[in-house]
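Here the structure is laid out as structure tokens; the discussion comes afterwards.
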Amino acid sequence: MIPIVVLSGFLGSGKTTLLQHALAYYKEQGLKPAILMNELGDVNLDGSLVNDQAPMKEMLSGCICCTIRGDLGVELMNLAEEYKPDVIIVECTGVANPMEIVDAVTDASIYSSMVLQSVITVMDARQFLDFSLGSERSKSFRLMQDQLRCASKLIINKTDLLAAGELQKVQAFVKELNPYALTVSTERSDVDPVTFFSIQGEKRMEVSRQKESTVDIGNDHHHAENRLHMYGHDDHTDHHPHDCQEPEHHDHDHKHGEHYHSYDHVVVHTHFFGRPVSRSEFEQLFRGLPAEIYRAKGIVQFLESEGQMMFQFAYRELEIIPIRPQKPVNDVAVIMGENFSASEIEERLKRLEAAAKPLASS
Ligand SMILES: Nc1nc2c(ncn2[C@@H]2O[C@H](COP(=O)(O)OP(=O)(O)OP(=O)(O)O)[C@@H](O)[C@H]2O)c(=O)[nH]1
């Protein structure tokens, strides 16, 4: 049986950072991991951070709620057959409802030798707290809560961005949402690897599925009852069943005739850069982004320096690191958020490039 570890968590919460710790641990243990990575955008930027460390299959710009279920099962089986890994790690997109992934994994395990080991949810503590205090209960906040509910292991990450006393607030909130998960608080997703990634002697997560029912409401139908109960988390022998998803929080909409994402309030915009840009203006653009843009990442070249840089923008924080790609990669920005105007952002990016033109040609 190949254990499957699912990494879930909102956009930019620290999943890829966690994945890197997991890969280092498995390497140290002489184990062979494989990765299945699902990205919202058309380019897999996270993959370039880890792809020389383990075999990886990518599912790009997939409709995470609708098409992924079939594809995920197939990709998992392909990975298992091709590489015979000791463990497969599935990194979900930041807006995936892990329920769908769990469902797909359990479907796949019916046909092949795979078993769901754990669902690890990483949360950005700062963002979670800000969202929880917001007057408006956004769809993204509801999704975040669903991701927390589904976890068998939970990481309250980015504690460095909290003020004194705030961690306790987050911990209490999280405990209320999911008292069953093994929960730790970290910086940079730095967990105890044995507790979080060990595949030896761990009890597996058992999942019992209720029959799916479809409720038609006008033109929409809601897969409203795709509820799972999880039992027997490794560190809880009491086997308390709990619903990891409450129907009133379920946002899973499809529309007939159109291909709707479960989280169609999430906008993903991809921009390919045609030339290097000014670093200071680039940073200024990111500082001035609307609050609805939670996440951006990409590769860019600056006029002021040589070579390509990877940038990561996660809930108002921008990081820029030089990279040496092993194969040619485009200069690109993938920008994600909730109901923002993609055309306005595209305009800003075009202006950034246009402003760089005279400098570039001088
Ligand atoms: N300040 C701070 N930044 C962190 C921490 N952990 C991760 N980051 C940064 O947050 C950004 C996003 O981290 P990732 O690990 O790529 O997040 P992710 O969940 O994989 O992102 P998506 O897959 O795009 O949803 C990166 O710039 C990280 O360096 C932390 O504990 N504190």
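The values are calculated or read from the model by the stated rules, or taken from the named source; none is laboratory data. Because the structure is predicted, anything quoted here is derived from the model rather than measured. Positions of Cβ are backbone-derived with ideal geometry, glycine not excepted, and every protein chain shown enters the neighbour counts.
So here's what we get for this one:
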| read-out | value |
| --- | --- |
| Any pair with Cβ under 7 angstrom, 6 or more apart, that starts in region 289-317 at a residue that is without any contact (Cβ under 8 Å) to a residue 40 or more places away in the chain and over 17 Å from G14 (Cα atoms) and ends at one that is near the ligand (Cβ under 10 Å from one of its atoms) and in a strand (DSSP E or B) | V300/F311; M309/I320; M309/I321 |
| Which listed residue is more than 16 Å from the ligand (Cβ to nearest atom), crowded, with 20+ Cβ neighbours inside 10 Å, at pLDDT 90 or above and over 13 Å from the mean Cα position of the chain (by Cα), from A34, A80, A22, A108 | A34 |
| Failed criterion for A356 (all others in (1) in contact (Cβ under 8 Å) with a residue 24 or more places away in the chain; (2) under 24 Å from F10 (Cα atoms) hold) | (2) |
| Condition broken by I320, with the remaining ones in (1) modelled with pLDDT of 90 or more; (2) crowded, with 19+ Cβ neighbours inside 10 Å satisfied | (2) |
| Residues within region 152-172 that are of a type outside the set (K, R) and assigned to a helix (DSSP H, G or I), tallied | 9 |
| Candidate set from region 111-128 (those that are hydrophobic (A, V, I, L, M, F, W, C) and away from the ligand (no atom under 14 Å from the Cβ)); member that is surrounded by the most Cβ atoms within 10 Å (Cβ to Cβ) | V119 |
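One line per residue, one yes/no per condition, for (1) in contact with a helix residue (DSSP H, G or I) (Cβ under 9 Å, 6 or more places away or on another chain); (2) assigned to a helix (DSSP H, G or I):
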| position | (1), (2) |
| --- | --- |
| E281 | yes, yes |
| A296 | yes, no |
| V300 | yes, no |
| I321 | no, no |
